[in-house]
Amino acid sequence: MKLYEQTCKNLLVKSKLPGADWVINPYVGCTHRCQYCYAIFMRRFYQYEEKWGDFLAVKSGPLRGVDKVRDNQVVLIGSVTDAYQPIEKQTRCTRMILQQLADCRGTVEILTKSKLILRDMELLQQFSKIRVGISLNTLDDSFRRTMEPGASTVEERLQTLRTLKENGIETYLFVSPIFPEITNLQEIVEATRKWVDTYYFENLNLRGDYKEKILEYIQEAFPEYQGIYQQIYRENSMVYWENCKHKIENLAVLYNVRAKEYFYHSKIRKQ
Ligand code: SF4
């Protein structure tokens with residue numbers, strides 16, 4: 001893996017993302033190597049020659065304007081790539097950012113697939129308003145290994161959620177991306193609800209280079225689901241997601257949990 005350094009004028013960037021007013025991304029690139037990686041589009045904004053997953057740029061620079069963050073605003077760390085990739089053990093970039101955010105009046109939010117966040121527990125606890133999200137779309141670690149080979153295991157993520165919650169951190173579970181028929185929503189909610197304050201659900205969007213790769217994988221590994229994937233991703237049928245939406249509503253009632261879904265990304269983006 002090729003490592004670069006990237007100096008930035010300001011690591012704190014204004015955001016138009018729903019749910020985030022400011023974002024901080026300590027790295028360019030991501031070594032979790034998720035097969036469905038949405039962030040791969042970032043590749044074209046940078047000059048690095050290696051393909052996505054084979055390079056990493058470690059950012060450095062000041063956090064200017066932390067005093068401008070209002071108390072009703074959210075600062076999201078890791079909006080594009082994971083702030084707790086394995087390299088963070090050595091670089092401690094994210095850790096330094098958390099230290100510099102100590103006086104932030106807004107809510108600090110981190111979304112990760114890594115148990116490494118637990119290293120910074122004492123820093124997380126210094127914030128009066130903090131939320132940590134863990135992404136998880138399966139309890140089957142062999143599927144996780146295929147889809148997210150560089151990220152923490154299922155068991156590690158469950159333990160991370162539990163430890164965060166037991167240490168007083170507000171948590172959310174980002175059930176994403178939902179793989180039709182493979183992601184078992186009920187099983188995930190049942191296994192995690194003791195440690196999760198809010199659930200967010202997002203459907204699998206297939207675009208660009210990885211669309212064919214994922215569909216080929218389904219054909220080989222899950223031929224029984226090929227028909228449903230064809231309907232969704234070749235014929236653009238929304239029926240599966242409509243049903244999934246109802247299922248989530250029912251699960252929220254059944255388990256008495258807060259749940260929100262982010263389906264139909266492309267439509268949302270157009271709006
Ligand atoms: S964690 Fe996110 S950015 Fe990193 S490879 Fe996976 S999907 Fe891409």
Exercise for the section: Identify, by number, the condition in (1) in contact with an Asp or Glu (Cβ under 8 Å, 6 or more places away or on another chain); (2) away from the ligand (no atom under 15 Å from the Cβ); (3) among the aliphatic types (A, V, I, L, M) that Ile178 doesn't meet. Expected result: (2)
Completion exercise
Restricting region 4-22 to residues that are touching a Ser or Thr at 6+ places or on another chain (Cβ under 8 Å) and not in a loop (DSSP other than H, G, I, E, B), the one surrounded by the most Cβ atoms within 10 Å (Cβ to Cβ) turns out to be Trp22
Exercise for the section: Among the helices (runs of 4 or more DSSP H) lying completely within region 172-261, list those that include at least 3 residues that are at pLDDT 95 or above and farther than 21 Å from Leu136 by Cβ. Expected result: 208-221, 226-233, 239-255
Exercise for the section: Could you grab me the full set of residues in region 145-171 that are among the β-branched types (Val, Ile, Thr) and either over 19 Å from Cys30 (Cα atoms) or assigned to a helix (DSSP H, G or I) (or both)? Expected result: Thr146, Val154, Thr160, Thr163, Ile169, Thr171
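Go through region 32-48 and count every residue that is farther than 17 Å from Asn205 by Cβ and in contact (Cβ under 8 Å) with a residue 40 or more places away in the chain.
3
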Handout entry: Options Arg207, Arg193, Arg144, Arg234; residue that is more than 24 Å from Ile87 (Cα to Cα) and in contact with a helix residue (DSSP H, G or I) (Cβ under 6 Å, 6 or more places away or on another chain)
Key = Arg193
Completion exercise
For region 32-48 the number of residues that are within 8 Å of the ligand (Cβ to nearest atom) and farther than 24 Å from Ile178 by Cβ is 0
Exercise for the section: Determine whether Glu148 is on the phi < 0 side of the Ramachandran plot and away from the ligand (no atom under 16 Å from the Cβ). Expected result: no
Practice task
Can you give me the number of residues within region 84-139 that are more than 20 Å from the chain's Cα centre (by Cα), surrounded by 16 or more Cβ atoms within 10 Å (Cβ to Cβ) and either in the same structural domain as Trp195 (by TED's automatic domain parsing) or of a type outside the set (S, T, N, Q) (or both)?
Solution key: 5
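The values are calculated or read from the model by the stated rules, or taken from the named source; none is laboratory data. Everything numeric in this text was worked out from a predicted model, so none of it was measured. With ideal geometry, Cβ positions are generated from the backbone for all residues, glycine too; neighbour counts draw on all protein chains shown.
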